[in-house]
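First comes the structure, then the notes that go with it.
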Amino acid sequence: MTIHTDHPFATPPGDRDPLRRLRGHLPAAVSLWTAGEGRARVGLTVSSFMIGAGDPAVVLGLVDEESDFWEEEPERFVVNLATSGHEFLSDAFAGVAPAPGGPFTLAQWEESAWGPVLTGAAGWIGVRRTTDARHAGWGLLVEAQVEHVEVSDAAVLSHERGRYHAR
């Protein structure tokens, strides 16, 4: 058996997408988008999103159309902002870490009118989807109107070049 110093499934350097590499240099806030209630809860880690202030304020995000979250095509959902200590949870919601029993078993949640709210999040936004999603880049562009906002003083978890950072 050989122990490799790098990831055995990594794309060889000459074959890597330069735009994806450039995007990896941009720090991105880590959010967990959650919907549903009880056993019908779904969620997804989303770092490709932005918030547009205004009246009404909006959230725009790119989601994986094959995710459990999008299979439900939720009308209402929560954008939870992850913080330090939510790294494994974020990986579980992204589907890259094991979560026996599902990722919702890895943290404490409170119910809201928009879906599950992560206890200890840096903040959360309750939103209502305003349009049908459309294809954009690698995913689906989802637009939602902000209906509720709560914020804490905790630092938001960010992701940059394959690593998490609390900022």
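The values are calculated or read from the model by the stated rules, or taken from the named source; none is laboratory data. Predicted model only: the values in this text are computed from it and were never measured. Cβ coordinates were reconstructed from backbone atoms using ideal geometry, including for glycine residues, and neighbour counts include every protein chain displayed.
From Ser84, Ser67, which residue is of a type in the set (S, T, N, Q), buried (at least 20 other Cβ atoms within 10 Å of the Cβ) and either touching a Leu at 6+ places or on another chain (Cβ under 8 Å) or modelled with pLDDT under 95 (or both)?
The conditions single out Ser67.
Going through (1) at pLDDT 95 or above; (2) over 16 Å from the mean Cα position of the chain (by Cα); (3) outside any strand (DSSP E or B); (4) not basic (Lys, Arg) one by one, Phe104 falls short only on (2). Every condition in (1) touching a residue at least 24 places away in the same chain (Cβ under 8 Å); (2) on the phi > 0 side of the Ramachandran plot is met by Gly54 except one, and the failing one is (1).
Can we say Thr119 is under 23 Å from Ala53 (Cβ atoms) and over 13 Å from the mean Cα position of the chain (by Cα)? Answer is no for this residue. Checked against the criterion of being of a type outside the set (A, V, I, L, M) and more than 15 Å from Val30 (Cβ to Cβ), the candidates His148, His165 yield just one match: His148.
Number of residues in region 151-165 that are loosely packed, with under 13 Cβ neighbours inside 10 Å and touching a strand residue (DSSP E or B) at 6+ places or on another chain (Cβ under 8 Å): the value is 1.
Residue count for region 64-105, restricted to those that are hydrophobic (A, V, I, L, M, F, W, C) and free of Cβ contacts under 8 Å to residues at least 12 places away in the same chain: 3.
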